[in-house]
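Student: Input: one structure, supplied below.
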Amino acid sequence: MDATAPLLQDMTPGVLAWSAKATSVADIERALGRIWAVAPDAAVGPDGERHVVARTSVLNFVAVAGSQEAAARVLAAVGSLTGRHPSRTIVVEPRDVEGPRRIEAEVTASCMLPRGAGAAICTETVRLRAGGDAGRHLASIVPPLLVHDLPVTLWWPEDVPFHRADFTALLTHAVQADRLVVDGSAWRGDGLAGVRGLAHVQAASGIAISDFALMRQSRWRDALASAFDGPDLLPYLGAIRSISVEYAASRTDPAGTNVVRPLYHAAWIGSRLGWSATGPLVVGPGGRRTAVLRRARGHVDLSLVPVPSDQPGGATTRVRIVAERRGSRLDVEIMGRAEAVIVRFSRDGGATVERVHHAVRRTDADLLAEAVESGGRDRLTSEAIRLAGEIAARAEAGA
């Protein structure tokens, strides 16, 4: 079926939906035009009331998915946000980029008819498979599909080709994205090249960035702050001597496990306290990585410690912090659980105080909603990414 073929209509109660297929960018626009030409101005909802039907996009989502699994992940997350952020969503799947040029697109428009007062909420989705040079030059095929004068969020759910010119062209020139959304925990290898690339893009473009790997750690950060929230404990923040972050690693290749999440723990703490990297992140026996960070009065020993696991995804399992001040020592331990984060701390070997912070793990849809709703560039995120990139850059120099 192409853009001139009959439209397929979804007859699900409470939903108006049409779909078509297209084989060129021009066909995609024609398909959308035909869909809205046949859409009614109003429709009866499940409550028996008539509701206005109209295009209601408030932003453009552009996602570049390197696999069918990534495309499905994007569509599921964006679909769950329909009621809050109706959008035109463009999911591009580069395929066989060295083969012949081809474009295959599935074009869908759908409207949810509410119960009660209000207009129908309508969204548009283009799932586009681009082969040959079309897959290599996304900057030429995506811009014509955007709704002009609406903000653009560019989501790269898997590895991001920071080093390629076509990525830069798409991000800063072609779509002039307002926000870049990534997931550093999904990058191949140890992920450090991606951290360097992300920090470079942030410094060079000034674009707002949301990294799911960093956003997921908010529950850890709240728990950590609680360990220093008393007037007698707060001074220890300026006297942290060491940080050790344990993470789930491959039994056969611990050094090859993604370390973005454990690195972000150290980078977030360090960025809040004004630390900087002073030497290379060195890989030692068993994949353990160590580095020295500079603080105002002294230094901090950083260790990223792999823990062999049957689920080696690089997820943080434990953070240990040691602070020494005027002959006194504070030990802090933070551990993650399914629906909670546990904090334990003791001073000078005394009684251990334990606090439990209940916090559910957030889905892609939760994180995507937060990214979209966060507005412009977030200073705390920017500083954490900057320091993570600085530590990762030291790793490159010391390799």
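Student: Count, please, the residues in segment 337-362 that happen to be in contact with a helix residue (DSSP H, G or I) (Cβ under 8 Å, 6 or more places away or on another chain), under 17 Å from ARG320 (Cβ atoms) and among the hydrophobic types (A, V, I, L, M, F, W, C).
Tutor: 3
Student: So, LEU367, is that one touching a residue at least 24 places away in the same chain (Cβ under 8 Å), assigned to a helix (DSSP H, G or I) and surrounded by fewer than 16 Cβ atoms within 10 Å (Cβ to Cβ) or not?
Tutor: no
Student: On the given criteria, is LEU304 modelled with pLDDT of 95 or more, buried (at least 17 other Cβ atoms within 10 Å of the Cβ) and assigned to a strand (DSSP E or B)?
Tutor: yes
Student: For residues that are assigned to a helix (DSSP H, G or I) and surrounded by fewer than 23 Cβ atoms within 10 Å (Cβ to Cβ), scanning just segment 182-194, find the one that is farthest from the chain's Cα centre (by Cα).
Tutor: Of everything passing the filter in segment 182-194, ALA193 is farthest from the chain's Cα centre (by Cα).
Student: Among the residues of segment 119-174, count how many are closer than 25 Å to LEU367 by Cβ, of a type in the set (D, E, K, R) and assigned to a helix (DSSP H, G or I).
Tutor: Counting residues in segment 119-174 that are closer than 25 Å to LEU367 by Cβ, of a type in the set (D, E, K, R) and assigned to a helix (DSSP H, G or I) gives 0.
Student: Of ARG344, ARG362, which residue is surrounded by 14 or more Cβ atoms within 10 Å (Cβ to Cβ), under 25 Å from the mean Cα position of the chain (by Cα) and not in a helix (DSSP H, G or I)?
Tutor: Checking each option against the conditions leaves just ARG362.
Student: Could you say which residue among VAL360, VAL332 is of a type in the set (A, V, I, L, M) and modelled with pLDDT of 95 or more?
Tutor: So the residue among VAL360, VAL332 that is of a type in the set (A, V, I, L, M) and modelled with pLDDT of 95 or more is VAL332.
Student: Moving to a separate point now. Among the residues of segment 171-181, count how many are touching a strand residue (DSSP E or B) at 6+ places or on another chain (Cβ under 7 Å) and either closer than 14 Å to SER140 by Cβ or surrounded by 22 or more Cβ atoms within 10 Å (Cβ to Cβ) (or both).
Tutor: Here the count works out to 4.
Student: Do the conditions hold for GLY197, that is, is it buried (at least 19 other Cβ atoms within 10 Å of the Cβ) and at positive phi?
Tutor: Taking the combined requirement at face value, the residue does not satisfy it.
Student: Give segment 87-118 a look and list any residue that's under 25 Å from PRO40 (Cβ atoms), among the hydrophobic types (A, V, I, L, M, F, W, C) and not in a strand (DSSP E or B), or say none.
Tutor: LEU113, ALA117
The values are calculated or read from the model by the stated rules, or taken from the named source; none is laboratory data. None of these values were measured; they are calculated from a predicted model. Because the Cβ atoms are built from the backbone with ideal geometry, glycine has one as well, and the counts that use them run over all protein chains shown.
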